[in-house]
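Novice: Mind having a look at this structure? Questions to follow.
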Amino acid sequence: MSNVTIREIKTILTAPRGIDLVVVKIETSEPGLHGVGCATFTQRFTAVATAVNDYLKPLLEGRSVDNIEDIWQSAAGNSYWRNGPVLNNAISGVDQALWDIKGKMANMPVYELLGGKCREAAAVYRHAGGASPEEVEESVRRYMGEGYRYIRCQMGAYGGQTENGAQTIASPDGSLPGAYYDPAQYMRDTLRMFDHVRGKLGFDSVELLHDVHERLSPVQALRFAKELEPIGLFFLEDALPPEQVEWFADLRRQVATPLAMGELFNHPLEWKNLIAQRLIDYIRVHVSQIGGLTPAKKLAALCEAFGVRTAWHGPGDTSPVGMAAQLHLDLAVPNFGIQEFSGFSDEEREVFPGCPEVRNGFMYPNASPGYGIDLDEAKAKLYPCALREHGWLKARLPDGTAVRA
Ligand code: GCO
Ligand code: MG
């Protein structure tokens, strides 16, 4: 037992890419020893900051840094009601920072604490897009040219709504404004896009992925997954919303397209059955959304027992700290599947020195103790967060029905 304690828990809000990020920094009683953790829930970042500052800070400051599991359990139980996105993200910030600290105290990268490397680097996938099949093809070719072999293809925004209004959606007079999309049109357009991309690029040189983003009804999702089978996707993501996961049993019985699910999950009850029944192939949780590295390493082990592989969520609203933390888990588990990666901007590299290096489609850790990444608080102040509209989340069906995006 060390005598190192949590001296100060700080919440740093920064948006170097214009995406609001939440990072928790724990300063310890040991001069110069600190850790960082991701707590990013970009749509409610102020709520997460409040949860950390008003509740976890008084609860945990002064505690030993040693007992990460006990701190996780104590924090999770201290609000009585639990397993929601705000509180889980707050706990993740502390949890991930404590693993960073433990690595630094052991003078080891965190992957060593998790059992050492199963691989030298994590294969990553990038996001190709465009408003037409030809534009998507060009985007895929650009990423292939940079050495990526796994590429997600989306035509237009999620649900296929294209910025330039290429879709004309008939809606009732007086319908409220919003991000309208037509599920049936989205399915037809996306199939056309993939037929084009596969026709031009073939099957041997690139693995293609797609994110349905919960935009279809269950039976549409079943039909879409079947229609996509000839495309040979690496995986089809979020075919169903969390509220309809029972339909995965139907997809599994009828479709060979690999299924990925999980970025919206907060609670173990959402994934336990899916994994135990082998209804999905890749678990896609947003690691800070389930409470950090401590629950994620347990989830990876559960998945291993049932042949499910990891594909942690890695969008622009996972901070570089969160990307570095999950990279260490990517390296240390035998059932790693793929790691989503949306790039690091120059500004992010400035705010987060030590961003993992990506070469030829692989993400590499550096050999520094902990995660090997830090946060420059002065630089973070240069990119303040702001309350944003997130217009794409105001999704509506053609008849004006509001739906989850
Ligand atoms: C993905 C996700 C993201 C989410 C975003 C929400 O697969 O990367 O679907 O694009 O939409 O993280 O804020
Ligand atoms: Mg997604």
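The values are calculated or read from the model by the stated rules, or taken from the named source; none is laboratory data. In this text the structure is predicted, and so the values were computed from the model without any measurement. Please note: Cβ atoms are built from the backbone with ideal geometry, for glycine as well, and neighbour counts cover all protein chains shown. Ligands, DNA and RNA are stripped out before the accessible areas are found, and what is left, the full protein with its side chains, is counted by its heavy atoms. Shrake-Rupley method; radii C 1.70, N 1.55, O 1.52, S 1.80 Å.
Novice: Go through the range 190-220 and count every residue that is within 21 Å of R126 (Cα to Cα) and not in a loop (DSSP other than H, G, I, E, B).
Specialist: The total comes to 17.
Novice: Would you please name the residue that is farthest from ligand 2 (Cβ to nearest atom), looking only at residues in the range 151-164 that are of a type outside the set (A, V, I, L, M) and open to solvent by less than 20 Å² (accessible area, probe 1.4 Å)?
Specialist: T162
Novice: What are the residue pairs meeting all of these: first residue in the range 335-354, first residue away from ligand 1 (no atom under 16 Å from the Cβ), second residue part of a strand (DSSP E or B) and open to solvent by less than 30 Å² (accessible area, probe 1.4 Å), Cβ atoms under 8 Å, and 6 or more apart or on different chains?
Specialist: N335/T310; F336/A122; F336/T310; V351/T14
Novice: Please work out which residue is most open to solvent (accessible area, probe 1.4 Å), limiting yourself to the range 294-317 and to residues that are among the aliphatic types (A, V, I, L, M) and more than 16 Å from ligand 2 (Cβ to nearest atom).
Specialist: If we take residues in the range 294-317 being among the aliphatic types (A, V, I, L, M) and more than 16 Å from ligand 2 (Cβ to nearest atom), then A305 is most open to solvent (accessible area, probe 1.4 Å).
Novice: Scan the range 57-88 residue by residue and report those that are touching a strand residue (DSSP E or B) at 6+ places or on another chain (Cβ under 8 Å), surrounded by 17 or more Cβ atoms within 10 Å (Cβ to Cβ) and over 20 Å from G370 (Cβ atoms).
Specialist: Matches in the range 57-88: K57 only.
Novice: Please list, ordered by residue number, the helices (runs of 4 or more DSSP H) wholly in the range 286-405 having 2 or more residues that are in contact with a Cys (Cβ under 8 Å, 6 or more places away or on another chain).
Specialist: 320-332, 346-351
Novice: Now for a different question. If A332 passes every condition in (1) away from ligand 1 (no atom under 16 Å from the Cβ); (2) touching a Pro at 6+ places or on another chain (Cβ under 9 Å) but one, which one does it miss?
Specialist: For A332, the exception is condition (2).
Novice: Would you check which residues across the range 313-329 are more than 14 Å from ligand 1 (Cβ to nearest atom), under 14 Å from the mean Cα position of the chain (by Cα) and under 14 Å from G354 (Cα atoms) and list them?
Specialist: P320, V321, A324, A325, L327
Novice: Return the pair list, or none, for Cβ contacts closer than 9 Å from residues in the range 235-255 that are within 16 Å of ligand 1 (Cβ to nearest atom) to residues that are open to solvent by 50 Å² or more (accessible area, probe 1.4 Å) and among the aliphatic types (A, V, I, L, M), at least 6 apart or on different chains.
Specialist: Qualifying pairs under 9 Å: D238/L264; P241/L264; P242/L264.
Table: residues versus (1) part of a helix (DSSP H, G or I); (2) under 21 Å from D20 (Cα atoms).
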{"position": "T40", "(1), (2)": "no, yes"}
{"position": "Q43", "(1), (2)": "yes, yes"}
{"position": "T46", "(1), (2)": "yes, yes"}
{"position": "Y55", "(1), (2)": "yes, no"}
{"position": "P58", "(1), (2)": "yes, no"}
{"position": "D70", "(1), (2)": "yes, no"}
{"position": "A75", "(1), (2)": "yes, no"}
{"position": "S79", "(1), (2)": "no, no"}
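Novice: G18 - would you say it is more than 23 Å from P109 (Cβ to Cβ) and either in a strand (DSSP E or B) or at pLDDT 95 or above (or both)?
Specialist: Spelling it out, G18 is indeed more than 23 Å from P109 (Cβ to Cβ) and either in a strand (DSSP E or B) or at pLDDT 95 or above (or both).
Novice: Hey, among K102, K117, which residue is surrounded by fewer than 20 Cβ atoms within 10 Å (Cβ to Cβ), in contact with a helix residue (DSSP H, G or I) (Cβ under 7 Å, 6 or more places away or on another chain) and in contact (Cβ under 8 Å) with a residue 12 or more places away in the chain?
Specialist: K117
Novice: Select, from Y186, Y148, Y143, Y125, the only residue that is hydroxyl-bearing (S, T, Y), open to solvent by less than 60 Å² (accessible area, probe 1.4 Å) and part of a strand (DSSP E or B).
Specialist: Y125
Novice: Same structure again: Cβ-Cβ distance below 7 Å, separation of 6 or more or different chains: which pairs start in the range 197-218 with a residue that is at negative phi and open to solvent by 20 Å² or more (accessible area, probe 1.4 Å) and end on one that is more than 16 Å from ligand 2 (Cβ to nearest atom) and assigned to a loop (DSSP other than H, G, I, E, B)?
Specialist: From the range 197-218, the pairs are F203/G232; E207/R149.
Novice: A further question on this structure: Do the conditions hold for R223, that is, is it in contact with a strand residue (DSSP E or B) (Cβ under 9 Å, 6 or more places away or on another chain) and open to solvent by 40 Å² or more (accessible area, probe 1.4 Å)?
Specialist: So R223 does not fit the description; no.
Novice: OK, next. Which numbered condition in (1) open to solvent by 70 Å² or more (accessible area, probe 1.4 Å); (2) farther than 18 Å from G372 by Cβ is the only one that E112 fails?
Specialist: Unmet condition: (2).
Novice: A further question on this structure: So which of F203, F194, F224 ends up being within 16 Å of ligand 2 (Cβ to nearest atom) and either over 23 Å from the mean Cα position of the chain (by Cα) or farther than 28 Å from V285 by Cα (or both)?
Specialist: Unique residue meeting the criteria: F224.
Novice: I'm trying to understand the selection: among the residues of the range 237-252, which are of a type in the set (A, V, I, L, M) and in a helix (DSSP H, G or I)?
Specialist: Within the range 237-252, V245, A249, L251 qualify.
Novice: Go through (1) away from ligand 1 (no atom under 16 Å from the Cβ); (2) modelled with pLDDT of 95 or more for S171 and report which single condition fails.
Specialist: Going through the list (1) away from ligand 1 (no atom under 16 Å from the Cβ); (2) modelled with pLDDT of 95 or more, S171 breaks only (2).
Novice: Further question: Name the residues in the range 358-381 that are surrounded by fewer than 13 Cβ atoms within 10 Å (Cβ to Cβ) and either modelled with pLDDT of 95 or more or over 21 Å from E120 (Cα atoms) (or both), would you?
Specialist: R359, N360, A378, K381
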